[in-house]
Structures are given as C-alpha cells and as structure tokens.
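In what follows, a structure is listed as structure tokens, so that the remarks can point back to it.
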C-alpha cells in the first residue's frame, strides 16, 4: 500500500476514533503532501513523502529542544507525541554499526584521505541510506572516522 493511502486511511480511522492529536498531525502531513503535489503538478512517490516526513521530524526535534530549554514540559510532551506519530510512517532507522559499515565502504569507494573529503563520503553514505539515517548522526560518525 502506498504511503499516501496509508496516511489517508489512518486519518479516517483517527477521525472515527476521536483521536484529536493524531487527526491534527495527520491533517498537517496531508496538507504538506497536497501542497507539494500542487507545486510539482503530479502525485508524490513514497520517497518524496518520506522527505516531507523527515522535515516534520527535524522540526519536531528542534521544537522539543526549545521547549525543554524553556521548561515548557506540556508542549514538549505534545511535540513528542506528534513525533511518535510521524516516525511511525518513516522507514526503520539504521543503527550506528550499520552506518559505520556504510561509511567504511564509502571511504573505500571514494578514496577519502581525511576530513577534506568529508563531502564525498557524506554524499555516498546518504545516497545509500535513503532516509534511514539521520544526517547529523552520519555527519558526526563520518567526521569521527575520517579524523581517526
């Protein structure tokens, strides 16, 4: 089942069950997808929808961090609940060991010698990970491995 259909079905089920939080976040996701479809002039595939979902995840992490610093625990909890809903639609994230293996392969492929080649390695790893790894985490691991 395409991701857009799954989101639409879950939205209908959340409306029927009265889950206001899930309805709210799914409505935002559907609106973002629809806006992108209008902008593109065609339907989005699952990879494009995943990119939209990753942007929601990034915004949620930033908001959680800000609310935490400000001591706004009720808003922080709300963002965490929304984040859990969004992450349910994303592919399973790779573990550190899997990412490190990808980085080793990319270093060998690109012939990276140091941190000056970090961009080449990042490009290769992110292409292989296809949204299954957080860019900040990959960046930190690549930097760590190239400096060693």
>> Using Cα springs under 10 Å in a Gaussian network model of the chain, which residue among 20, 30, 128 shows the largest mean-square fluctuation?
In response: 20
> For the stretch 96-147, what is one quarter of the convex hull surface built on the Cα atoms, given in nm²?
Replying inline: 2.9 nm²
>> Under a crude label model (7 Å from the Cα following the beta-carbon direction), how far is residue 57 from residue 36 in nanometres?
In response: 1.3 nm
> What number, rounded to the nearest 500 deg cm²/dmol, is the helix-based mean residue ellipticity at 222 nm of the chain, given -39500 (n - 2.57) per DSSP H run of at least four residues and division by all its residues?
Replying inline: -26000 deg cm²/dmol
> Do you know the relative contact order of the chain, to the nearest whole percent, from alpha carbon pairs under 8 angstrom that are 6+ apart?
Replying inline: 19 percent
> Each label point is 7 Å from the Cα along the Cα-to-Cβ direction; what then is the distance between the points at residue 47 and residue 117, in nm?
Replying inline: 2.6 nm
> For the chain, modelled as a Gaussian network with Cα springs under 10 Å, which listed residue fluctuates most, 57, 23, 86?
Replying inline: 23
> Taking a point 7 angstrom from the Cα of residue 24 along the C-beta vector, which residues in the stretch 60-75 have backbone N less than 11 Å away?
Replying inline: 75
>> Compute the angle between helix 73-87 and the longest alpha-carbon principal axis of the chain, please, reported from 0 to 90 degrees and rounded to the nearest 10.
In response: 80 degrees
> Which entry in (1) 18.2, 57; (2) 17.8, 52; (3) 17.5, 58 matches Rg and Dmax of the Cα atoms in Å derived from the coordinates of this structure?
Replying inline: (1)
> Looking at the stretch 3-87 from every direction and averaging, what is the projected area of its Cα convex hull in nm²?
Replying inline: 5.6 nm²
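Only the coordinates and a few stated rules stand behind these numbers; no lab work does. On a predicted model such as this, the values are computed, not experimentally measured, just so you know. For neighbour counting, all protein chains shown are included, and Cβ atoms are generated from backbone atoms with ideal geometry for every residue, glycine included.
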